[in-house]
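The values are calculated or read from the model by the stated rules, or taken from the named source; none is laboratory data. A quick note: this is a predicted structure, and the numbers were derived from the prediction, not measured. With ideal geometry, Cβ positions are generated from the backbone for all residues, glycine too; neighbour counts draw on all protein chains shown. We work out accessible area using only protein heavy atoms, side chains counted, and drop any ligands, DNA or RNA first. Shrake-Rupley method; radii C 1.70, N 1.55, O 1.52, S 1.80 Å.
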Amino acid sequence: MNSHASEKSPVTRHLIYAMIALLLVLLIGTLGYRILGGATYSWLDCFYMTFITISTIGYIEAVDVSHYEYGRLFTVFIGATGIGVLGYVVSTVTAFILESDLSQDLRRKKMQQKIAKLEDHYIVCGAGRVGSNVVHELAVTGRPCVMIEPDTESIRKYLENHPAQLYLQGDATDDDVLLAAGLMKARGVFAVAHDDNDNLVISLSVKQLNHNLRVVARCHDLKNAEKVRRAGADEIVSPDFTGGLRLVSAMVRPQVVNFLDEMLKSEDNLRMEEIILPPNLHSKQLSALHPGGQDFVVLAIRQQQGKWTLNPQSDLTLHGGEVMMVMTTPQGRSQLELLIERMA
């Protein structure tokens, strides 16, 4: 797993200090032998002499200091200091490696514990261009989700900007991976892998494990759409097809497209949401949802007969099982759901 910390760990700091100390010893030794040996010896000879001294390789003296009064004492000093620093480097490198492995294991266990506690969350199978946008949209609208992706690099790229995202590295076509992502307690699954065959298998696996889950699948080739639907997908989305429709909309109804774009970019995360009224809600008027200070606008209601009522009036009677289309923020959606729960 990848994590980005604002401060370096103590082991990392020690490793940096150790490398700096080693460089200083090499620099002091090289300069010292250059001064002792003079121009007779090159800088490379002086550096080599320092290196073989602190590494205890031994060989012959690259710089002959036997004729200088303090030459051998300097060699003793460089040897003792260098060996100590080199030992410090080796120990900190070892600690750094161990810390990385241990930290990774600890982060993985902590991640699994968080995922195990999730309920009514979403599972996004695939972290490519489509999958990463799905995960981001769920996050900004306050819906918890778990991302499943086999490619380490794709996970790393997403975590660079979203370090708190819950994820599993693995193959979403594997039942064990789906179960580890909390499939039995999830609300829905997005099958948005790059390959249609993978999305077909994911849809089939999800429905076999938990047939109550809603599955939305990505389909590149529309000729595969019916196969994916038969495998269990409740909805099929083709990015190429919907992208073509969006291009037409941008041409013939640009202001509508601009409005929707601005809505998605707003800092308040304003969205069109659907709220399903609980079955035990009996004959409540719409005005009961507006006691004042509510952060949502009711645009339409799909009534029991399947009829859509646009811009409903406040005296409209609501019944269980009907669907409300509202424009609201994540906070407003939570307020509305809580209010409906109290009314039921």
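Assorted remarks:
- Applying 1/(1 + (r/R0)^6) with R0 = 35 Å to the Cβ-Cβ distance of VAL256 and ARG214 gives a FRET efficiency near 0.80.
- Per residue accessible area of the chain, 1.4 Å probe, in Å²: 59
- Local electrostatic count, ILE275, Cβ distance below 10 Å [Lys/Arg +1, Asp/Glu -1]: -3
- Cα-based helix-to-principal-axis angle, 254-265 vs the chain, degrees rounded to 10: 50
- Model label sites at ALA288 and ARG107, defined 7 Å from Cα along the beta-carbon direction, differ in position by 5.0 nm.
- Max mean-square fluctuation residue, GNM over the chain, Cα-Cα springs under 10 Å, options ASN311, ASN197, ASN133: ASN311
- Evaluated over the Cα positions of the range 183-289, the convex hull gives a direction-averaged projected area, one quarter of its surface, of 10.4 nm².
- Protection proxy ranking of 83-93, 35-45 - average other beta-carbon atoms within 10 Å, highest first: 83-93, 35-45
- Using a probe radius of 1.4 angstrom, the carbon and sulfur fraction of the accessible surface of the chain is 57%.
- Stokes-Einstein D for the range 130-240, Kirkwood Rh over Cα pairs, 20 °C, 1.002 mPa s (µm²/s): 152
- Given charges at Cβ of Lys, Arg, Asp, Glu: the range 195-309 dipole, positive-most of HIS220, SER287, LEU247: SER287
- Summed side-chain charge close to ARG187 - residues other than ARG187 whose Cβ falls under 13 Å, Lys, Arg +1, Asp, Glu -1: 0
- Summed over qualifying helices (DSSP H, 4 residues or more, each -39500 (n - 2.57)) and divided by its residue number, the chain shows a 222 nm mean residue ellipticity of -17000 deg cm²/dmol.
- Computed over the range 231-344, Cα set: Rg, Dmax in Å: 16.5, 46
- Average projected area [Cα convex hull, the range 201-255], square nanometres: 4.5
- Among LYS109, LYS223, LYS185, the largest mean-square fluctuation in a Gaussian network model of the chain, built with springs joining Cα atoms closer than 10 Å, belongs to LYS223.
- Each Lys and Arg contributes +1 and each Asp and Glu -1, all at the Cβ; summed about the Cα centre of the chain, the dipole is approximately 620 debye.
- Only one residue of VAL146, VAL124, GLN112 has its Cα farthest out toward the positive end of the dipole of the range 111-156, where Lys and Arg carry +1 and Asp and Glu -1 on Cβ, and that residue is GLN112.
- Sequence of HIS162, HIS136 when ordered by accessible area, the most exposed leading, probe 1.4 angstrom: HIS136, HIS162
- Fluctuation leader among LEU138, LEU299, LEU159 - the chain, Gaussian network, Cα springs under 10 angstrom: LEU299
- For the set GLU273, GLU137, GLU262, GLU226, the ranking by accessible area, highest first and with no ligand, DNA or RNA atoms included, is GLU262, GLU226, GLU137, GLU273 under a 1.4 Å probe.
- Taking only the Cα atoms of the chain, the radius of gyration and Dmax are 32.2, 108 Å.
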